[in-house]
Structure formats: structure tokens, C-alpha cells
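Enquirer: Got a structure for you, questions after.
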Amino acid sequence: MSTFFDIVASAGLWAAVLRIATPLIFGTLGALLSERSGVLNLGIEGIMTFGAMAGWLAVFNGADLWTGMLVAALSGALFGLVHAAMTVTLGLSQHVTGLGITLFASSLSYYIFRLTVPLASTPPTVTPFQPISVPGLSDLPFVGPALFTQTLPTYLSIVIALLLAYVVYRTPLGLALRMSGENPHAAEAQGVDPVRVRYGAIMAGSALMAMGGAFLTLSAFNSFFPTMVQGRGWICIALVVFASWRPGRALFGALLFAFFDAFQLRLQTVLGNVPYQIFLMMPYILSIAALAVMARRARVPQALMQPYRRGER
Amino acid sequence: MTGSATGLPAKDILMRLERREHRPLLLVVLSPILAVVAALALAGLLIAAAGAPVLEAYGRILTGAFGTRLAATETLTRATPLMLTGLAAAVAFRARLWNIGAEGQFYLGAIMVAALGSTALSGLPGPVLIPLLFTAGAIAGMALMLVPLWLRLRFSVDEVVTSLLLNFVAVLFVSMMIDGPLKDPLAFGWPQSMPVADHALLPKLIERSRLHIGLAVAIVAALLVYLLQSRTVFGLQSRAAGLNPEGAVFAGVPLARTLVKVACLSGGLAGLAGAIEVMGVKGYVTTDLSPGYGYAGIIVAMLANLNPLGVIAAAFFTATMFVGADGMSRALGIPTYIADVTVALSLLTMLIAIFFTQYRIRR
């Protein structure tokens, strides 16, 4: 039992929690924003992959790291525009369109990467975001190394989560967003244009997803390789349900999930005789379990997955 | 965000979409062709951006896929698993059961065959063993698909995400098996499963090629699914479940039971695809047995407009792109991923094409 406490009591674990959580926070918030407006975006896995590639490629070609993040966000928004055009304007199946976007965006990122970066035995790298030390706070015993030695995008993801919680519940924009996702006809009657709200939410959400992907190549690692997103996008979709479509809980859910993930990574070294694949399965099984527990309790946006056509019920 | 000052909708409607009263047959038949042409044109832009001659690239894809006897048999070999995973997606989607887990079901079918075909059942004679292994692979796929369905029926969990997440679990499970109990001790440390017995390997359709009788099995499966959907009560019920679940229940369709049958059929077809790939092509299982056959099956099903017979043609097109791109890539230095891009694009263009068989634009 003592090993479990040793793991939990190490500052390294808590530093890893924040690092593992960051792409999930970005992705979950992006998916949440889109779903709050009434549109499921299963393009997330591919958009994260494309963001990882585009951000990395920009930096590899000489751009600075924040420009890389911006490039990723813009590319994400562009895929969001395609998703919005197909699901909002044409009202096509959100499931199939999203999967199509995922397949398209991920294969396109491999294509562009292979075309611009020739095959090499060691993958080319960039200098990633460096951990910053917060004066005063980083020197605190335990709490300092655990929470205040992250890279800037990690802090940014937490700020965005809090900002989104404020916008969704406390601003007219958030009200318009929620109305579009709950009852677009009523929204229209109140002078809100659900079509425009949905376009905006999907594009902004996709930009966040792509930034989550870019975090992988520009902060967590320093190179891009195919299949590196490893289902994180799908986990984010599950986390949105777990969070019951609330930004604050999404932040909590991503951190909780990352805690389990960081914990099992450390447990692997202690329990050497258990096949490592068992540990790698855990995040996926955990996501499924979270869905099973929360699916009925969560409050789904009432118009989620219902296309909106003006004057048509 | 807000409307204009008058409270009326801010912008005039420039064009309006109007539902067609009839779906013109010509348009329905032409839609996949138009979708593929549009996808090829868009992918052509990417080939041009890479500085390669577009028409020559497409020419080389065709010769790469059919130029020689070997190439043609290779294309048909590649089309075989795609037909089965395409059917798996088509039968599920028709009932609005979103089985995105064909990749995992494929792998479970494959590993089941490796487990039983290498030792446990290898004493049986071929004519008994082969159908038995087909069945075992299909059952493994079914079992995996029943998990997301059970979660949907019991906890109202969307099966898209759960079936997707199970793909990762299934591949890790296969990795664990070929690292552990099913590891081939003669593979010089490479993680691969023990090979299935020689008499469990599928007979070849054409000598000196990789083409095996699995192709015939897949085509027969497509015909059977077609008959099942068009001629049986189950076909009608699964369609009703997809078109209007509440209405179907009202009309006396046992919704849960129908969905269980659909899930078994869909998961079984994907599991069978994995079984056939092991017994027909490789003889053993590795974690790169499938270059995304499960996901490509979704595209095949959509290109076929969920029609089982259309699946045969759509799988053929997809295999052509994948096999042809290999040769084209070597000759022109275009990454083979262009095949994946084109096929994924054709899914998106097909969705739009289907839309325009149902709606028209009115100014």
C-alpha cells in the first residue's frame, strides 16, 4: 500500500497530471463549445492531428512557438468551417460528417508532413515551449514543482476553461449559444441567429481542438509522428458527457482523467510483472466507464444533433 | 449574433433548399460517380501542389492497380477485407446503429483465428477447420460489438464513442496476446502470433498470386446481406429501426432485439474480415495487419449509399486507390497518403452528393 502513497505524494506526479491534462482540456472545451450550440464534432481526432502537424511544421520552418499555436488554431477553424457548412447549412449527418473530417484531416496531415519533411531515421525536432518558473510560487516546497513549473500553454488552457465558464453562463453571447443548442426556434424568435451561432461555435471549438493537438508537438513532445494523437480526441468527446456539458466540470474531468493516467504510468514501474498493454488500455476503459456512469445523469443540450432549418420543424 | 433592428431575420434568403418529391433514379446512380470525380479533382490540387503532373499521376494509379496480372490480383486481394468491413458498416448504419468499431472487431476476429487455428483446433481436417475458424472469427467480432450496444440499451451511451474507444482496447489486447501466450517463439523476437496450421490457409483463386477464395466469400456475403435486407422481415425491421425508431416501436418492431441482430451481423462481418485476412494473406497476426480496414469500411459503405451490392464496387474503387498509389508514389515521389486523402474526400463529397439527390436549390 505504501507505494501508492509514495506515488501520490511525489511532486512529479502532479506536474505530470497538468501536462497530460492540457491537450484534453483544450479538446474537451472545443468539443463542449460546439455541442453547446447543438452540433457534435467528431472531426476532433483529425483536427487535433492536423493541429499537431500544422503547428509543428510552422515552427520547424522558422516561426516562433506562439505563431505555431496560431497556425494550428486557424487550420482547426478552417476544418470547423467545412464541418459547419456540411452539418449546419446542409444539415447532413453530424456523425458521418465528423468521421469524414477526421479521416480527411488526419490523412491530409500525414500527406503534408511526408511531402515537406523527407523520411529520416530520427524524426526532426523543434525547440518546444520551456517550463516557466513563477517567481515565489515555484520555490514553494512540493506545491512549487508540482503546480508551477508548467509551460505557458498549460496555464492558458486553464484560463480558457474559466473564461469559457464565464462566457457560457454570464454573458449574452453564452445565452445565445445555449439557446441555439437547446431550442434554436426559440432562439430565432428572440432575434438570435442559430445558424451564425453554430458556425461560430464550431469554428472556435475546432480552433481549440487544434491547439490541443499543437500542445503535443510544441510542448509535450518536440516532433510529429502519425497516430500520435492516440484517441485523445475520442476521450475528449467522452469527457464532455462526463462533464455534463459544463466548462468547469470539463476542466475537473480532464484533470481527474490525467491523474489516473499519470498514476497508472507510475504504477507500471512498480508492478513490473503485469503486461504494459493492460495499463495502456486503462484510459480508454476509464472513458467508457465514465460514459456509462454519467450518460443518463448528464444534461444533454436538447437540440444536439438536430439540424436547424429556418421555418421548418 | 442578434437580428436586425426590425426584429426580422437579418439577411434575405438568397437561395432556398427544397426537398425533392422524388429522388431521380439517374441522380441516385450517378451520385457516387460524381462524388468520386469531385474527390479526384480535389486530390488533384494536392498532387499539383506537390509539383507532379496530375493526369500522369492518375494514369500511374490505374496501371499500378491493373497494369500487370500481379497488380490486378493484388487489388482484388485488398478489396476483400474492404468489402466485409464495408458491409459491416452498411448494415449497421442502415439501422442507425453507429458501429465505428469495425477496426477492433477485425483484430479480435484475427486473433481468435490465430489462437484456435495454430494449436487448439489444428488437428481438424481443412474442410471442417476453415468454416469453423470463419465462425469463430465472426463470433469474436460480434462479442466486441455487443459491448457498445449493451451500453446503449442499458445506459443510453452513444455507441459511436464507445465503439471507437474499444478499437484501441482491442488492438492493445492483440498486442498483449502476441507478446504473451500467442507469441511465435520462432519469429526472432518479432511480436507476431503463432501461424495458423497450413491446412487452415485459404486456397488460392489464382496460382502464383495472393488472391484467395476470401474474395468469393465476401461477394457471397454481400449477396446474402442484400437478400436479407430486401426479402426478410429482419431487413424491414432493421430499416424501420433506422428510419424512425419511435414509429417502429409503435408499429410493433421489437427495437432492442432488432438492434442486437444488427449488431451481431455487423460485428460478425468485421470479425470475419479479420479471420479471412489472417487465413488468406498473412497466416499470422501482427498489430499492423490492418492498414485501417475498419475505418475505410465506413467510407466504402457511404460510397455505396449503404447498398450491399454497391459495397462490392465501392470496395473495388478504394482498393484501386490504395494499391495504385503505391506504384504512383514510387514513380513520382508523391506520398502514398494521397490515397487515404482521396478516399476520405470521397466520403465527404458523397455525403454532399446524397444530399442533392434529396434536395434541390431554388432561387
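The values are calculated or read from the model by the stated rules, or taken from the named source; none is laboratory data. Please read these numbers as outputs of a predicted model, since none were measured by experiment. Here Cβ is always computed from backbone atoms with ideal geometry, including for glycine, and neighbour counts include all displayed protein chains.
Enquirer: Identify, please: which residue in segment A:279-288 is more than 7 Å from every other protein chain (Cβ to nearest Cβ) and hydrophobic (A, V, I, L, M, F, W, C) and is, among those, surrounded by the most Cβ atoms within 10 Å (Cβ to Cβ)? Please lay out each step first, then the result.
Expert: Restricting attention to segment A:279-288, the residues satisfying the condition of being more than 7 Å from every other protein chain (Cβ to nearest Cβ) are A:279, A:282-283, A:286.
Restricting the remaining residues to those that are hydrophobic (A, V, I, L, M, F, W, C) gives A:279, A:282, A:286.
Working: A:Phe279: 16, A:Met282: 17, A:Leu286: 19.
Within segment A:279-288, the match that is surrounded by the most Cβ atoms within 10 Å (Cβ to Cβ) is A:Leu286.
Enquirer: Check every one of the helices (runs of 4 or more DSSP H) wholly within segment B:221-327 and list those with 1 or more residues that are surrounded by fewer than 19 Cβ atoms within 10 Å (Cβ to Cβ). Before you say what the answer is, go through the steps one by one.
Expert: Details: elements: B:233-243, B:245-250, B:255-277, B:293-303.
Of the helices (runs of 4 or more DSSP H) lying wholly inside segment B:221-327, those with at least 1 residues that are surrounded by fewer than 19 Cβ atoms within 10 Å (Cβ to Cβ) span B:233-243, B:245-250, B:255-277.
Enquirer: Scanning for something at the interface with chain B (Cβ under 10 Å from one of its Cβ atoms), farther than 22 Å from B:Leu172 by Cα, part of a loop (DSSP other than H, G, I, E, B) and in contact with a Leu (Cβ under 9 Å, 6 or more places away or on another chain), does segment A:289-296 turn up at least one residue?
Expert: Looking through segment A:289-296, at least one residue is at the interface with chain B (Cβ under 10 Å from one of its Cβ atoms), farther than 22 Å from B:Leu172 by Cα, part of a loop (DSSP other than H, G, I, E, B) and in contact with a Leu (Cβ under 9 Å, 6 or more places away or on another chain).
Enquirer: Show the residue pairs meeting these rules: Cβ distance below 7 Å; 6+ apart or different chains; first residue within segment A:4-16 and under 14 Å from A:Thr269 (Cα atoms); second residue of a type in the set (Val, Ile, Thr).
Expert: Here the result reads A:Leu13/A:Ile7, each pair linking segment A:4-16 to a residue that is of a type in the set (Val, Ile, Thr).
Enquirer: Another question, if that's okay. When segment A:194-231 is examined, which residues are found to be within 11 Å of another protein chain (Cβ to nearest Cβ), touching a helix residue (DSSP H, G or I) at 6+ places or on another chain (Cβ under 6 Å) and over 16 Å from A:Ala85 (Cβ atoms)?
Expert: Answer for segment A:194-231, where residues must be within 11 Å of another protein chain (Cβ to nearest Cβ), touching a helix residue (DSSP H, G or I) at 6+ places or on another chain (Cβ under 6 Å) and over 16 Å from A:Ala85 (Cβ atoms): A:Pro226, A:Gly231.
Enquirer: Answer with yes or no whether A:Val134 is more than 22 Å from A:Gly253 (Cα to Cα) and either within 14 Å of chain B (Cβ to nearest Cβ) or surrounded by 15 or more Cβ atoms within 10 Å (Cβ to Cβ) (or both).
Expert: no
Enquirer: Ok, one more. State yes or no: is A:Thr125 more than 9 Å from chain B (Cβ to nearest Cβ) and β-branched (Val, Ile, Thr)? Let's see the steps before the verdict.
Expert: Details: more than 9 Å from chain B (Cβ to nearest Cβ): yes; β-branched (Val, Ile, Thr): yes.
The answer is yes for A:Thr125.
Enquirer: With respect to A:Arg266, determine if the residue is over 20 Å from the mean Cα position of the chain (by Cα), at pLDDT below 90 and not in a helix (DSSP H, G or I). Walk me through how you get there before you give the answer.
Expert: Numbers: over 20 Å from the mean Cα position of the chain (by Cα): yes; at pLDDT below 90: yes; not in a helix (DSSP H, G or I): no.
No.
Enquirer: Search segment A:42-98 for residues being more than 14 Å from chain B (Cβ to nearest Cβ) and among the aromatic types (Phe, Trp, Tyr), and hand back the single one that is farthest from A:Gly181 (Cα to Cα).
Expert: Here the answer is A:Phe60.
Enquirer: Within segment B:147-161, can you find the residues that are more than 7 Å from chain A (Cβ to nearest Cβ) and either in contact with a Lys or Arg (Cβ under 8 Å, 6 or more places away or on another chain) or in a loop (DSSP other than H, G, I, E, B) (or both)? Break it down into steps so the answer makes sense when it comes.
Expert: Here is the first cut: in segment B:147-161, the residues more than 7 Å from chain A (Cβ to nearest Cβ) are B:147-150, B:152-154, B:158-159.
If the condition is that a residue be more than 7 Å from chain A (Cβ to nearest Cβ) and either in contact with a Lys or Arg (Cβ under 8 Å, 6 or more places away or on another chain) or in a loop (DSSP other than H, G, I, E, B) (or both), then B:Asp158, B:Glu159 are the ones that fit.
Enquirer: Scan A:Ala77, A:Ala52 and give me the residue that is in a helix (DSSP H, G or I), at pLDDT 95 or above, under 16 Å from the mean Cα position of the chain (by Cα) and buried (at least 24 other Cβ atoms within 10 Å of the Cβ).
Expert: That would be A:Ala52, the only listed residue that is in a helix (DSSP H, G or I), at pLDDT 95 or above, under 16 Å from the mean Cα position of the chain (by Cα) and buried (at least 24 other Cβ atoms within 10 Å of the Cβ).
Enquirer: To continue, here is another question. What is the number of the single condition among (1) under 15 Å from the mean Cα position of the chain (by Cα); (2) crowded, with 24+ Cβ neighbours inside 10 Å that A:Leu99 does not meet?
Expert: Among (1) under 15 Å from the mean Cα position of the chain (by Cα); (2) crowded, with 24+ Cβ neighbours inside 10 Å, the lone unmet condition for A:Leu99 is (1).
Enquirer: On the basis of being modelled with pLDDT of 90 or more and in a helix (DSSP H, G or I), does A:Ser244 make the cut?
Expert: On the way: modelled with pLDDT of 90 or more: yes; in a helix (DSSP H, G or I): no.
Criteria not met by A:Ser244.
Enquirer: Being within 14 Å of chain A (Cβ to nearest Cβ) and within 30 Å of A:His95 (Cβ to Cβ) is the requirement here; does B:Leu164 meet it? Reasoning before the result, please.
Expert: Working: within 14 Å of chain A (Cβ to nearest Cβ): yes; within 30 Å of A:His95 (Cβ to Cβ): yes.
For B:Leu164, the condition - within 14 Å of chain A (Cβ to nearest Cβ) and within 30 Å of A:His95 (Cβ to Cβ) - is met.
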